[in-house]
1. Could I have the simple spin-label model distance between residue 107 and residue 206, label points 7 Å from Cα toward Cβ, reported in nm to one decimal?
2. Expressed as a whole percentage, what fraction of the accessible surface of the chain belongs to carbon and sulfur atoms when a 1.4 Å probe is rolled over the protein heavy atoms?
3. Counting each DSSP H run of 4 or more residues in the chain as -39500 (n - 2.57), what helix-only mean residue ellipticity at 222 nm follows after dividing by all residues, to the nearest 500 deg cm²/dmol?
4. What is the set of long-range amide H partners of residue 35 at a cut-off below 5 Å, with H atoms built 1.01 Å from backbone N?
5. Residues of the range 33-64 with the amide nitrogen closer than 18 Å to a label point 7 Å from the Cα of residue 149, along Cα-to-Cβ, please.
6. With a cut-off of 8 Å between alpha carbons and a minimum separation of six or more residues, what is the relative contact order of the range 84-167 in percent?
7. Considering only DSSP beta bridges whose two residues both sit in the chain, what percent are antiparallel, to the nearest 5?
8. May I ask which residue of 97, 62, 174 lies farthest towards the positive end of the charge dipole of the chain, with charges of +1 (Lys, Arg) and -1 (Asp, Glu) on Cβ and the Cα centre as origin?
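The values are calculated or read from the model by the stated rules, or taken from the named source; none is laboratory data. Everything numeric in this text was worked out from a predicted model, so none of it was measured. Glycine gets a Cβ as well: all are built from the backbone with ideal geometry, and neighbour counts include every protein chain shown. The accessibility values were calculated without ligands, DNA or RNA, using every heavy atom of the protein model including side chains. Shrake-Rupley method; radii C 1.70, N 1.55, O 1.52, S 1.80 Å.
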Amino acid sequence: MEMKISPSLLAADFSRLSQETAAIEAAGADMLHLDVMDGHFVPNISFGMPVIASLRKCCRLFFDVHIMISQPQRYLEDLAKAGADLITFHVEAEGDPGETIDAIHRLGLKAGISLRPGTPAEAVFPWLDRVDLVLVMTVEPGFGGQKFRGEMMPKVTAIRREADRLGRSDLMVQVDGGVARDTIALCAEAGADCFVAGSAIFGKADYKAEISALRQLAGQAAGI
């Protein structure tokens, strides 16, 4: 199991996004996590397709796009055109999740499904054989810098166990919210193999050292 680090752009310096993404790429990040919010599904607005498209021109990283949008299917084609590689939508959003997954795959992209802290792990079980990633939020989506909630880890374990039962050892289980040096081991021990980190990376002077440390701590916890 390979441990993947996906720095969250939401924690970057927005006055110098091209330099920030270049630094993250050079530091060895596996992905770039891009949070798109509509101000309706979550009480915040971040950035949209023009920013993603601009970054795509200067960044070769895998774009891990997490959409906190009430009507995800309305924006999938535009996100694909902007340069998304994977689109993760919320199981709590409007529309049939299966139809949304199919729509993402028809665009040639990987599909992910996410669940809020109050949503049980079982809500995503029907879709584990069809998605490429499951994102477990340890905080309420919409704002960065929130405190890690360790009580979400049993959900990570339940999803990993069900994925393994289905023969989906390739399924990425991602954790977002408060991931840092002192919490990433708990996530990896629970079964996660992909980690979104915001201020834990962008808030530090040496991005490469932080990414390497996070990956090492996760790997040690997972026994690899």
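1. 3.9
2. Carbon and sulfur atoms account for 50 percent of the accessible area of the chain.
3. Rounded to the nearest 500, it is -9500 deg cm²/dmol.
4. Excluding prolines and chain starts, which carry no amide H, the hits are 9, 10, 66.
5. Flagged as within label range: 41-44.
6. 27
7. So the antiparallel bridges in the chain amount to around 5 percent.
8. Value computed over the given set: 62.
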